[in-house]
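Values quoted throughout were computed directly from the atomic coordinates according to the rules given, and no laboratory measurement underlies them. Nothing here was measured: the structure is a model prediction, and the numbers come from that model. Quick reminder, even Gly has a Cβ in these numbers, built from the backbone with ideal geometry, and neighbours come from all protein chains shown.
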Amino acid sequence: MSGAAADTAAVVLGGVLLGLLGLAVGSFLNVVIYRVPEGRSIVRPPSACPGCGTPISARDNIPVVSWILLRGRCRTCGERISARYPLVELLTAIVWLALAWWAVAADHLPLLPWLLVLGSACVALTFIDLEHHRLPDAIVLKLYPIGVVGLIVAGLLSGEWPLAAAGIGVAVWLVVIGGVWFISGGRGMGFGDVKIAPILGATLGWVGVPAAVVGLFSAFALGAITGIVLMIARRAGRKSAIPFGPFLVLGAGIGLVLGDAIWTGYLAMIGLS
């Protein structure tokens, strides 16, 4: 086998393994999404059908595949199993693969372990926020020490310590998000959004200040566009509560992947490049 063919095979194998791990993590995230808002343990008791209480066997707990084979219903009682379960599993696998691709392409591979943790948490927080309109401390606050360790590991592996840029990212996200929360008295932004802002800001700032700025702007732009669309469709009014956590996550993703390109394009458009 030639060197190029061996490299291709290694990339494909790595992608398959990473995708499978993402599916497995997504299966665990379904437990987190279901139990954390209720204040329940994510370890005990084992997963069971909410309809009949029958513990879910190993053969019925294979990510995506079991849901398809069971046609979205419990094997014992026929209770419908939400399509959210395979959706979360597939989405987590896609997020893992996308983050790995970006980390390799952007030469930020040392940051990948932390990004996989953060990306997985963001998947869970997105679904929780959409359903319960809150970002639980049980998830958000744990990201602080994990994030510090993750960035230290990235610094040790890469030999680069962009602490000033990370600090700017924290300041920008916290001042803007916290400012909206404070000025609106908590009506324009939830305090959970304020708590997660420094985490996202620090991570994007570590990549670069443009990523942090573009990510924050994208979050507000996506939120505004979605709100306008919902009002036009009469699915929401001016006083409707729309969870902002998913927009923070999406905006952060845009800033991470496209931040430099958008920033450079903007500067060129206004003649500053």
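Evaluated with a Cβ-only charge set (Lys, Arg +1; Asp, Glu -1), the chain carries a dipole of roughly 1140 debye about its Cα centre, given to the nearest 20. The amide H of Arg73, built 1.01 Å from its N in the peptide plane, has Ile81 as neighbours under 5 Å, considering only residues 5 or more places off or on other chains.
Distances between every pair of Cα atoms in region 1-156, grouped in 5 Å steps from 0 to the bin holding the largest one, split as 2, 8, 15, 18, 18, 15, 11, 7, 4, 2, 1, 0 percent.
The Cα center of region 219-273 and the Cα center of region 66-115 differ in position by 24 Å. Both the radius of gyration and Dmax for region 108-273 are 16.1, 52 Å, in that order, over alpha-carbon atoms. The slack between Ala105 and Leu87, meaning 0.36 nm per residue of separation minus the straight C-alpha distance, is 3.8 nm. A Cβ-based charge dipole, computed about the Cα centre of region 1-105 with Lys and Arg at +1 and Asp and Glu at -1, lands at about 440 debye.
The ranking of Ser27, Ser184 from fewest to most other beta carbons within 10 Å of each one's beta carbon is Ser184, Ser27.
When peptides 201-211, 158-168 are ranked by their average number of other Cβ atoms within 10 Å per residue, the highest-first order is 201-211, 158-168. The label-point distance for Ile62 and Thr8, in a model that sets each label 7 Å from Cα toward Cβ, rounds to 2.9 nm. Averaging sequence separations of C-alpha pairs under 8 Å and six or more residues apart, then dividing by the length of region 1-105, give the relative contact order as a whole percent. RCO, region 1-105: 37 percent. Once backbone amide H atoms are built at 1.01 Å from N, Ala48 has Ile56 as its partners under 5 Å, excluding neighbours fewer than 5 places away on the same chain.
Considering region 67-148 at the alpha-carbon level, its Rg and Dmax are found to be 16.0, 50 Å.
Taking Arg80, Arg234, Arg40 in turn, the Gaussian network model of the chain (Cα-Cα springs below 10 Å) assigns the largest fluctuation to Arg234.
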